[in-house]
Amino acid sequence: MNAAPQSIVSLLTSANQRMVIPVYQRPYSWDEEQCRQLWDDIVAIGRRQSGTHFTGSVVMVLGDEFSISGVNKLLVIDGQQRITTLSLLIVALAEYAKAHSEKLTHVSYDEIIDSGYLILKYKKGDDHYRLSLSQGDEQTLRSVLDHLEDPNVEILEGSHRIIDNLELFRTWLSKIDDPNVIWDGIQRLEIVAIGLKQGQDNPQLIFESMNSTGKDLSTADLVRNFVLMGLPMDEQEKLYANYWRKIEETLGADSYDEVFDEFLRNWLTVINAPSTIATRDVYRLFKRHVADNGYDKPGQMAILLKDIRRYAGHYACITAGACEDKALRTLFVRIQVLDVSVVNPLLMSLFEAYHDKALSRDDFISILRTTESYLFRRTVCDAATNSLNKFFSSVIARLATVRDDGGNIREAFEAILLGEEGTARRMPDDAEFERALK
């Protein structure tokens with residue numbers, strides 16, 4: 001590993017070098033607040049006569065292979081939000097320079113294009129673009145750059161963050177008294193460039209250490225990086241396309257980060273039952289599950305991702321009404337209306353038994369109706385819910401034993417509920433329910 005200060009301009013204009021955001025990185029996520037902070041910093045330093053402004057670090061894995069056209073690929077594992085946002089600002093400046101050359105006199109449109117801030121002018125294909133993003137952001141950014149070179153090219157609307165932030169910079173540039181301040185400020189931005197060598201440095205450990213402060217990464221970010229970061233690039237892309245992207249789409253791409261964290265906690269609850277899982281322990285327990293089951297061995301990660309993808313489908317059916325079976329969908333929706341989310345791990349484990357044909361459809365529907373009645377009666381009777389988290393986790397473990405022994409899961413489930421009579425976890429009987437309902 002080597003680290004050295006340098007201007008961000010030198011990073012953006014290095015000859016025959018392009019930056020690539022690996023598939024395991026989070027999508028572009030900066031909004032107006034972060035863009036405004038960067039803008040204000042640039043304005044402040046641009047109005048000063050001298051000096052520089054430190055804007056953080058950029059961590060890259062140094063590639064040792066060149067493309068056919070002689071371009072080296074750097075994998076950016078930390079710093080993509082700043083680099084992407086700054087690139088959008090430079091796009092806005094290039095547009096402004098073309099339209100208002102009499103106001104922006106410190107740089108021209110041709111200079112921005114020819115110097116390689118955004119594109120490598122004479123390269124083709126992937127090598128044409130200075131920055132390549134991942135996931136759903138890539139097509140939108142490339143269409144923005146293509147439109148900059150040829151206004152007849154339509155800008156794709158796939159990534160609303162990129163479109164919205166570009167429009168922010170266009171608006172702010174139109175209102176500033178002297179746009180040259182922005183260009184001068186960009187020239188004075190400095191970073192610490194940290195280069196990691198493939199096979200020598202551990203990018204995952206460095207990534208976790210550098211992201212232990214500041215804006216917290218979601219569990220989804222940490223798990224995605226942990227699963228994919230240490231693998232060869234071609235395997236990363238294969239696993240992402242075949243499994244991880246499909247998990248994102250199943251859970252809902254727009255709200256994926258928020259949903260994934262809760263989904264993963266529920267999934268870990270299923271496989272660790274009767275233990276309950278605290279949110280703060282999810283990432284640690286996920287890594288332990290990977291190590292204990294050998295998923296970190298060559299070729300094994302796909303098996304784990306296949307399991308997670310299947311359970312993500314169960315979770316989407318249970319919580320988001322994404323079930324094709326109308327009868328099941330209706331029951332899941334009714335259960336979710338009761339807003340007792342601690343039951344979701346139990347429902348996931350039952351769905352898995354149904355998927356594996358260890359539970360018939362009729363028995364599955366019967367259990368769901370019983371669960372709905374159990375939760376509804378307890379709601380009407382104002383029964384405390386603080387013990388249900390541990391209770392449902394214990395039910396998962398007990399039903400797993402019944403399944404392994406070839407027993408009847410439906411009968412066992414009903415017996416468990418009846419066995420709680422007289423406790424805080426009871427199924428209220430008709431008399432108690434009638435009194436409470438009246």
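Of the residues R18, R26, only one is surrounded by 13 or more Cβ atoms within 10 Å (Cβ to Cβ), part of a strand (DSSP E or B), of a type in the set (D, E, K, R) and in contact (Cβ under 8 Å) with a residue 24 or more places away in the chain; which?
Residue meeting the stated conditions: R18.
Any idea how many residues of segment 279-308 are surrounded by 18 or more Cβ atoms within 10 Å (Cβ to Cβ) and either in contact with a Lys or Arg (Cβ under 8 Å, 6 or more places away or on another chain) or small (G, A, S) (or both)?
1
So which residues in segment 355-371 are assigned to a loop (DSSP other than H, G, I, E, B) and more than 34 Å from the chain's Cα centre (by Cα)?
S360
Find the residue count for segment 75-121, including only residues that are free of Cβ contacts under 8 Å to residues at least 24 places away in the same chain and under 16 Å from I8 (Cα atoms).
Summing the residues that are free of Cβ contacts under 8 Å to residues at least 24 places away in the same chain and under 16 Å from I8 (Cα atoms) in segment 75-121 gives 1.
Got a number for residues in segment 116-141 being open to solvent by less than 50 Å² (accessible area, probe 1.4 Å) and either among the charged types (D, E, K, R) or more than 24 Å from L156 (Cα to Cα) (or both)?
Of the residues in segment 116-141, 5 are open to solvent by less than 50 Å² (accessible area, probe 1.4 Å) and either among the charged types (D, E, K, R) or more than 24 Å from L156 (Cα to Cα) (or both).
Determine which member of the set V402, V395 is without any contact (Cβ under 8 Å) to a residue 40 or more places away in the chain, surrounded by 17 or more Cβ atoms within 10 Å (Cβ to Cβ), part of a helix (DSSP H, G or I) and of a type in the set (V, I, T).
Every option except V402 fails the conditions.
List every residue pair whose Cβ atoms sit under 8 Å apart, with the two residues 6 or more apart in sequence or on different chains, where the first one lies in segment 177-198 and is in a loop (DSSP other than H, G, I, E, B) and the second, anywhere, is open to solvent by less than 40 Å² (accessible area, probe 1.4 Å) and among the aliphatic types (A, V, I, L, M).
Pairs that qualify, where the first residue is in a loop (DSSP other than H, G, I, E, B) and the partner is open to solvent by less than 40 Å² (accessible area, probe 1.4 Å) and among the aliphatic types (A, V, I, L, M), are P179/L93; P179/L104; P179/L173; R188/I45; Q198/V61.
Which numbered condition trips up V343, out of (1) more than 13 Å from F413 (Cβ to Cβ); (2) surrounded by 22 or more Cβ atoms within 10 Å (Cβ to Cβ)?
For V343, the failing item is (1).
Taking the condition assigned to a strand (DSSP E or B), in contact with a helix residue (DSSP H, G or I) (Cβ under 8 Å, 6 or more places away or on another chain) and closer than 17 Å to S7 by Cβ, does S87 pass? Please lay out each step first, then the result.
Working: assigned to a strand (DSSP E or B): no; in contact with a helix residue (DSSP H, G or I) (Cβ under 8 Å, 6 or more places away or on another chain): yes; closer than 17 Å to S7 by Cβ: yes.
Taking the combined requirement at face value, the residue does not satisfy it.
The values are calculated or read from the model by the stated rules, or taken from the named source; none is laboratory data. Predicted model, so just to flag it, every value in this text is computed and none were measured. Don't worry about glycine lacking a Cβ; one is built from the backbone with ideal geometry, like all the others, and counts go over all protein chains shown. What goes into the accessible areas is simple: the full protein's heavy atoms, side chains included, and nothing from ligands, DNA or RNA. Shrake-Rupley method; radii C 1.70, N 1.55, O 1.52, S 1.80 Å.
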